[in-house]
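The values are calculated or read from the model by the stated rules, or taken from the named source; none is laboratory data. Quantities reported herein were computed from a predicted structural model and do not represent experimental measurements. Every residue, glycine as well, gets a Cβ built from its backbone with ideal geometry; the counts of neighbours run over all protein chains shown.
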Amino acid sequence: MPAVTLSAALARIAPSQTTAMTDRAAALRAAGRDIISLSVGEPDFPTPPHVIAAAKAALDAGDTRYTPVAGTPRLREAAALHFNRDLGIDVPPRQVIVSAGGKQAIFHALLATLNPGDDVLIPSPWWVSYPEIVRFAGAEVIALPTTAAGGFRITPDQLEAAITPQTRWLLLNSPGNPTGAVYGAEEIRALGAVVARHPQMLVLSDDIYAPLRYDGGQHATLAAQCPELANQVLTVSGVSKSHAITGLRIGVAAGPQWLIEAMARLQSHSSGNPASISQAAAVAAFEGPQDFLADWRERLRVRRDSVVTAINAIPDLSTPVPDGAFYCMVDAAPLMARFASDEALCLHLLEHGVAVVAASAFGGQAGFRISFAADDALLDEALRRIAKALA
Ligand code: GLU
């Protein structure tokens with residue numbers, strides 16, 4: 001037994017399975033193995049040149065010092081513009097915080113508000129980090145199970161039935177990771193009507209994939225659809241996925257001022273300000289041209305369609321068509337007679353040169369998530385390898 005032990009809070013959480021599988025694939029590749037990684041969710045498209053130019057210009061201008069904790073005034077203004085223009089949320093810059101990725105904004109929001117005994121409702125399958133952050137904060141995760149047949153969406157009745165006096169948050173993610181589920185405006189308003197009856201609860205609306213939906217619909221988000229919930233909704237967005245700058249780590253969140261201030265209080269003691277150069281790049285991302293997104297969306301749609309077709313042609317695998325984001329949740333239930341678990345299945349696929357993440361990492365079961373934000377030729381080859389590995 002080591003003399004120094006880890007904290008009880010850390011003991012409650014597991015490492016992120018998305019980043020763990022990605023690191024593992026990178027290590028195998030570095031060791032000379034031919035591995036195609038469809039594990040992490042990041043667009044393979046080149047970062048738009050105007051965003052890179054803004055980062056370089058910031059460096060050349062000596063923009064290398066601390067900034068205000070919640071972000072530069074310029075970026076908070078640009079983010080407020082983004083919330084208004086792209087998500088229909090009317091919010092002043094003081095109700096916006098900039099963090100080191102959407103993940104940090106979520107971390108700070110939950111840590112700033114949760115106490116032991118609180119419950120957090122999370123539709124499952126969920127993004128890997130949601131439940132871990134909740135557990136780290138000492139609160140309880142209450143899963144709201146969804147099914148492929150139900151479009152991986154919760155219903156207002158399901159939400160109402162799950163709410164108790166202990167409910168502190170609902171975490172909503174549309175378009176959703178890992179399922180690609182997208183809620184329509186009416187559904188969002190119906191969920192909002194339930195939330196309005198429970199003023200003790202908050203909703204975290206994670207809209208990071210809003211620019212990436214393939215059903216042609218208009219994105220609907222809770223804070224825009226139900227402005228009367230302004231004091232109960234935190235909307236998280238960013239530039240990582242929309243501008244292919246995952247590594248620059250910039251996320252933004254908009255919500256009631258008391259919550260933004262609470263998050264900034266915590267941020268002032270954790271990372272301090274987000275990286276100054278990254279903030280300059282994010283200003284360019286929010287204020288610059290957005291027209292390239294239509295092309296990205298179309299290319300991702302084509303990839304989505306070919307992945308869905310290829311997966312559904314492999315015996316014992318199936319996937320519905322995701323309406324947004326860039327993931328397919330593959331059902332491999334018939335294969336569980338051959339493999340001890342979906343993790344074992346993923347290790348088998350890794351042996352055959354493809355890295356994907358087990359559904360169980362997302363609170364799902366008997367399947368795996370594929371990210372199709374990868375080069376077309378690599379995607380085709382990965383699907384051939386999966387078919388061969390399971391033949
Ligand atoms: N959100 C992406 C994913 O699910 C990035 C990795 C992560 O932070 O989980 O793959």
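I'd like the full set of residues that are under 22 Å from the mean Cα position of the chain (by Cα) and surrounded by fewer than 17 Cβ atoms within 10 Å (Cβ to Cβ), limited to segment 302-319.
Selection gives Val302, Asp305.
Just for segment 24-50: of the residues that are without any contact (Cβ under 8 Å) to a residue 12 or more places away in the chain and over 23 Å from the mean Cα position of the chain (by Cα), which one is surrounded by the most Cβ atoms within 10 Å (Cβ to Cβ)?
In this case the residue turns out to be Arg29.
Filter segment 235-248 for residues that are over 18 Å from Glu187 (Cα atoms) and either touching a residue at least 24 places away in the same chain (Cβ under 8 Å) or touching a helix residue (DSSP H, G or I) at 6+ places or on another chain (Cβ under 6 Å) (or both) and give the result.
Val236, Ser237, Gly238, Val239, Ser240, Lys241, Ser242, His243, Ala244, Ile245, Thr246, Leu248 - these are the residues of segment 235-248 that are over 18 Å from Glu187 (Cα atoms) and either touching a residue at least 24 places away in the same chain (Cβ under 8 Å) or touching a helix residue (DSSP H, G or I) at 6+ places or on another chain (Cβ under 6 Å) (or both).
Tell me yes or no: at least one residue of segment 182-191 is within 16 Å of the ligand (Cβ to nearest atom) and at pLDDT 95 or above.
no
From the list Glu160, Glu132, exactly one residue is away from the ligand (no atom under 16 Å from the Cβ), among the acidic types (Asp, Glu) and part of a helix (DSSP H, G or I). Which is it?
Exactly one of Glu160, Glu132 is away from the ligand (no atom under 16 Å from the Cβ), among the acidic types (Asp, Glu) and part of a helix (DSSP H, G or I), namely Glu160.
All but one of (1) assigned to a helix (DSSP H, G or I); (2) buried (at least 20 other Cβ atoms within 10 Å of the Cβ); (3) within 16 Å of the ligand (Cβ to nearest atom) hold for Ser242; state the number of the condition that does not hold.
Here Ser242 clears every test but (1).
Which of the residues spanning segment 184-209 are part of a loop (DSSP other than H, G, I, E, B) and more than 23 Å from Ala79 (Cβ to Cβ)?
Gly184, Arg197, His198, Pro199, Gln200, Met201
Condition test on Asp23, is it out of contact with any Asp or Glu (no Cβ under 8 Å at 6 or more places or on another chain) and within 30 Å of Pro227 (Cα to Cα)?
no
Mind checking which residues of segment 197-223 are of a type in the set (A, V, I, L, M) and either within 16 Å of the ligand (Cβ to nearest atom) or surrounded by fewer than 21 Cβ atoms within 10 Å (Cβ to Cβ) (or both)?
Answer for segment 197-223, where residues must be of a type in the set (A, V, I, L, M) and either within 16 Å of the ligand (Cβ to nearest atom) or surrounded by fewer than 21 Cβ atoms within 10 Å (Cβ to Cβ) (or both): Leu204, Ile208, Ala210, Leu212, Ala220.
Identify all residues within segment 10-23 that are part of a helix (DSSP H, G or I) and either within 13 Å of the ligand (Cβ to nearest atom) or surrounded by 12 or more Cβ atoms within 10 Å (Cβ to Cβ) (or both); write none if there are none.
Those that are part of a helix (DSSP H, G or I) and either within 13 Å of the ligand (Cβ to nearest atom) or surrounded by 12 or more Cβ atoms within 10 Å (Cβ to Cβ) (or both): Gln17, Thr18, Thr19, Ala20, Met21, Thr22, Asp23.
Of a type outside the set (Ser, Thr, Tyr), under 20 Å from Gly288 (Cβ atoms) and either at pLDDT 95 or above or within 16 Å of the ligand (Cβ to nearest atom) (or both): which single residue out of Leu75, Leu114 fits that description?
Going through Leu75, Leu114 in turn, the sole match is Leu75.
Need the failing condition index for Trp296 against (1) assigned to a helix (DSSP H, G or I); (2) within 16 Å of the ligand (Cβ to nearest atom); (3) touching a residue at least 60 places away in the same chain (Cβ under 8 Å), just the number.
Only one criterion in (1) assigned to a helix (DSSP H, G or I); (2) within 16 Å of the ligand (Cβ to nearest atom); (3) touching a residue at least 60 places away in the same chain (Cβ under 8 Å) is unmet by Trp296, namely (2).
Answer with yes or no whether Glu228 is surrounded by fewer than 20 Cβ atoms within 10 Å (Cβ to Cβ) and either within 16 Å of the ligand (Cβ to nearest atom) or under 24 Å from Pro46 (Cα atoms) (or both).
For Glu228, the condition - surrounded by fewer than 20 Cβ atoms within 10 Å (Cβ to Cβ) and either within 16 Å of the ligand (Cβ to nearest atom) or under 24 Å from Pro46 (Cα atoms) (or both) - is not met.
Just to verify a result, which residue in segment 93-111, among those that are in a helix (DSSP H, G or I) and polar (S, T, N, Q), is farthest from the ligand (Cβ to nearest atom)?
Gln95
For Arg265, indicate whether it is assigned to a helix (DSSP H, G or I) and farther than 30 Å from Arg168 by Cα.
no
Mind checking which pairs have a first residue in segment 171-196 that is within 18 Å of Gln232 (Cβ to Cβ) and among the aromatic types (Phe, Trp, Tyr) and a second that is in a loop (DSSP other than H, G, I, E, B) and within 15 Å of the ligand (Cβ to nearest atom), Cβ under 8 Å, 6 or more apart or different chains?
From segment 171-196, the pairs are Tyr183/Ser174.
For segment 24-37, give me the residue count where each residue is of a type in the set (Lys, Arg) and away from the ligand (no atom under 15 Å from the Cβ).
2
Can you confirm whether Ala58 is in contact with an Asp or Glu (Cβ under 8 Å, 6 or more places away or on another chain), assigned to a helix (DSSP H, G or I) and away from the ligand (no atom under 16 Å from the Cβ)?
Taking the combined requirement at face value, the residue does not satisfy it.
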